[in-house]
Structure formats: C-alpha cells, structure tokens
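Shown next, in structure tokens, is the structure this report addresses.
Any read-out appearing in this document is the output of simple, stated calculations on the displayed coordinates, not a laboratory observation. Given the structure is predicted, the values throughout are model-derived calculations rather than measurements. Note that we place each Cβ from the backbone using ideal geometry, even for glycine, and neighbour counts take in every protein chain shown.
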Protein chains: 2
Amino acid sequence: MNEPRWLSDEEQRTWRSYLHATTLLEDHLDRQLQRDAGMPHIYYGLLVQLAQAPRRRMRMTELAKDAKITRSRLSHAIARLEKNGWVAREECASDKRGQFATLTDEGYEVLRRTAPGHVEAVRQALFDRLTPEQVEQLGAIMRAVAEGLQPTDPNADLPWLR
Amino acid sequence: MNEPRWLSDEEQRTWRSYLHATTLLEDHLDRQLQRDAGMPHIYYGLLVQLAQAPRRRMRMTELAKDAKITRSRLSHAIARLEKNGWVAREECASDKRGQFATLTDEGYEVLRRTAPGHVEAVRQALFDRLTPEQVEQLGAIMRAVAEGLQPTDPNADLPWLR
DNA sequence: CCGATCTAGTTCAACTTTCAAGGACTGGTC
DNA sequence: GACCAGTCCTTGAAAGTTGAACTAGATCGG
C-alpha cells in the first residue's frame with residue numbers, strides 16, 4: 001500500500017462545495033417536482049426522454065441507459081408511472097422479451113403543464129447564478145467526468161482479449 | 001403566465017451533462033463505499049463530519065445541517081450506524097431534548113481503513129480528469145450554486161418584517 | 001409561575017431504491 | 001433441434017428516504 005494521494009486544500013474545498021451544491025440542488029428539484037408534478041426528479045426525467053423519442057416510446061433498456069439508472073429501478077419507476085396513467089407498456093414485436101414504454105397523452109399533458117415551472121426552477125438555482133463563461137466551463141467539466149464514468153464495453157480496457 | 005424562459009442549446013447541453021455526471025458519480029461512490037466500507041456515501045460523510053468535530057461529536061441538528069439532510073433522515077442514519085457500533089448517542093446535559101452523536105473508536109477505525117480507497121476513487125473519477133484551472137472553476141461554480149440554495153433564515157428575503 | 005409557542009429529535013406510513021434471483025426469449029453451435 | 005450462454009425485463013424483500021404527526025423539553029410574555 002502506497003501513501004494515499006490525499007486531496008489538496010483547494011481540492012478539498014472544491015469537493016465539499018460540490019457535495020453541498022449537488023445535494024442541495026437535487027433536493028430542491030425533487031421537492032419542486034414532487035409538489036408541482038407529483039413525482040420525483042428522476043421520474044420526470046423519464047417522461048422527458050420519452051417525449052423526445054420517436055413515437056414517444058423507447059425500449060426499456062435504452063431508456064435505462066439514457067437515464068443512467070438500472071433496469072430494475074426503471075421497472076419499478078415505469079410501474080408507478082403506469083399506475084398514474086402517464087406511461088403505457090407495449091410489447092415489442094421483433095423481440096418478445098422486449099417492452100416499449102410509451103408516453104400517454106395524459107403524460108404528455110402533465111409535462112406540458114409542469115415544464116415551465118421546472119425550467120424556471122433550474123434557471124433560478126443554476127443558470128441565473130452563473131456567467132456565460134461559467135456555463136461553458138461547467139459543461140466541459142461535467143462532460144469530462146461523465147465520460148470517465150460511462151459504463152463502457154466491459155472489455156474496452158482489455159483490448160488484448162479481443 | 002409569461003412565456004417561460006426556456007434553456008438555450010448551450011444551457012441544455014450543460015444541464016444534461018450535469019445530470020449525467022452527477023448521477024454517475026454519486027452511483028459510483030455509493031457502490032465503492034458500499035463495497036469497501038459497508039455503507040452508502042451519505043453515511044460515510046456523517047462519520048467524516050464527526051471525525052473532524054471537537055471531541056468527535058456533534059449535536060444532531062448541527063450534523064443534519066452540515067450534511068444537508070433532514071433531521072428525520074439523520075435519525076434513521078444514526079440509528080443504523082449505532083447498530084454497526086460506529087456511532088454512539090449521548091445525552092446533552094444543558095438541553096435535555098438534545099442528543100450528541102459521537103464517533104466511536106471502532107467508527108474511527110473504519111474511517112482510517114477506508115479513507116484512502118475513497119479518496120482514490122474521488123480522485124480518479126473527478127480530479128484526475130480536470131486541469132487545475134477547472135478545479136478552481138468548479139469550486140467557484142459550486143459555491144455560487146450552494147449559496148443560492150442554502151436554506152436561510154425564512155425571513156431573510158422579507159426584511160420589512162423585522 | 002402559567003400558558004402559549006418554539007425547538008430537538010423520533011416515529012410512523014407511504015414510497016423509492018437496491019440487490020439477488022428468476023422467467024422468458026434469442027442467437028449461435030454442434 | 002437441442003443445448004448453452006447471453007439478453008430483456010420483472011419480482012420480492014430489505015434498506016433507505018420522505019413528510020407529517022408526535023413527545024419532551026425550552027423559552028418567552030405577562
């Protein structure tokens with residue numbers, strides 16, 4: 001065991017701010033959406049994904065991948081949204097294991113009604129507090145981080161196995 | 001109702017990257033700590049807070065405030081950590097409603113054993129991927145966001161009521 | 001000192017997430 | 001065509017979270 005590479009003071013401060021800001025923001029948006037749309041942030045995100053997809057539907061696995069959640073979690077989430085009447089399941093003809101999640105008209109309506117309030121909340125909490133340069137910086141930083149954590153092909157780092 | 005201030009393309013891209021990166025990172029660290037320390041990230045954070053406090057103990061409300069979680073959530077969390085033997089509760093002499101959460105020696109030992117691995121995970125996922133300028137930028141951005149969301153004195157924005 | 005009000009912390013029920021297990025189906029391969 | 005490994009998705013139980021209700025103790029005005 002080598003000496004661990006501890007964080008510098010600057011890094012520690014940044015890390016702490018990161019943790020505070022991200023948890024506060026996530027909480028804030030969760031409450032905002034729970035109050036105004038009757039669902040947590042992640043569920044709202046699923047509806048948004050579906051709304052943008054062709055025919056307003058997606059295969060479960062694809063949706064899970066895009067939303068960065070496990071298939072199990074998605075199953076439960078879609079079950080709940082189905083109960084609300086905001087999403088419907090459809091079978092996949094070409095692969096009988098498959099399922100499509102489809103945004104219903106009712107689900108679309110919820111989105112239409114609540115999107116402005118949600119965007120406003122995001123704006124107030126985040127973009128209104130940043131300069132245009134900072135928005136750009138944040139984008140670059142987050143892209144770098146996401147790229148590093150993207151669950152890739154399991155053998156992507158083992159090219160000699162190919 | 002005015003026309004909502006929708007996000008620009010740049011803002012949308014940034015927002016998406018932000019959501020992806022933060023959820024991926026949180027998941028990553030949760031799994032890392034669950035595996036190596038037997039607790040979720042937020043619980044680990046509580047132990048860290050306690051370790052840094054004088055006499056390794058804190059009042060519940062103060063701890064909740066610092067960790068940005070509700071008192072309810074903290075109650076459950078401390079109950080679980082107590083069961084693990086990593087935290088003990090102590091009564092507060094000066095205020096009989098109060099409770100101290102105290103880090104036990106065992107809890108400290110867990111921290112000592114698992115901190116290097118955790119720091120390494122944070123480093124690999126975040127700091128190793130950023131330039132020193134980006135670390136500074138991220139710090140500034142997150143400080144600005146956290147400041148805006150800090151639950152403040154409820155009358156802070158109503159000075160005329162004072 | 002009395003009652004009204006506030007604060008610290010817990011508890012309960014409803015809900016969400018996770019993990020491990022499993023059922024159903026597909027695509028080779030022999 | 002029968003196996004076998006892999007993929008798609010669901011399920012059930014355990015763990016964690018939330019918001020509201022609740023208990024106990026503190027505080028303040030009269």
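Looking at A:T114, A:T102, which is the one that is on the phi < 0 side of the Ramachandran plot, among the β-branched types (V, I, T) and away from DNA strand C (no atom under 16 Å from the Cβ)?
A:T102
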Can you tell me which residue in the range A:59-92 is surrounded by the most Cβ atoms within 10 Å (Cβ to Cβ), limited to those that are more than 22 Å from B:T22 (Cα to Cα) and away from DNA strand D (no atom under 12 Å from the Cβ)?
A:W86
Among the numbered criteria (1) over 16 Å from the mean Cα position of the chain (by Cα); (2) more than 9 Å from chain A (Cβ to nearest Cβ); (3) surrounded by 18 or more Cβ atoms within 10 Å (Cβ to Cβ), which one does B:S17 miss?
(2)
Residues in the range A:60-72: is at least one under 18 Å from the mean Cα position of the chain (by Cα), more than 13 Å from chain B (Cβ to nearest Cβ) and more than 13 Å from DNA strand C (Cβ to nearest atom)?
yes
A:S94 passes all but one of (1) away from chain B (no Cβ under 14 Å); (2) assigned to a helix (DSSP H, G or I); (3) out of contact with any Leu (no Cβ under 8 Å at 6 or more places or on another chain); which number fails?
(2)
Near pairs, Cβ below 8 angstrom, 6+ apart or cross-chain, from the range B:56-72 (free of Cβ contacts under 8 Å to residues at least 60 places away in the same chain) to any residue that is basic (K, R) and near DNA strand C (Cβ under 7 Å from one of its atoms)
B:M60/B:R71; B:T61/B:R71; B:A64/B:R71
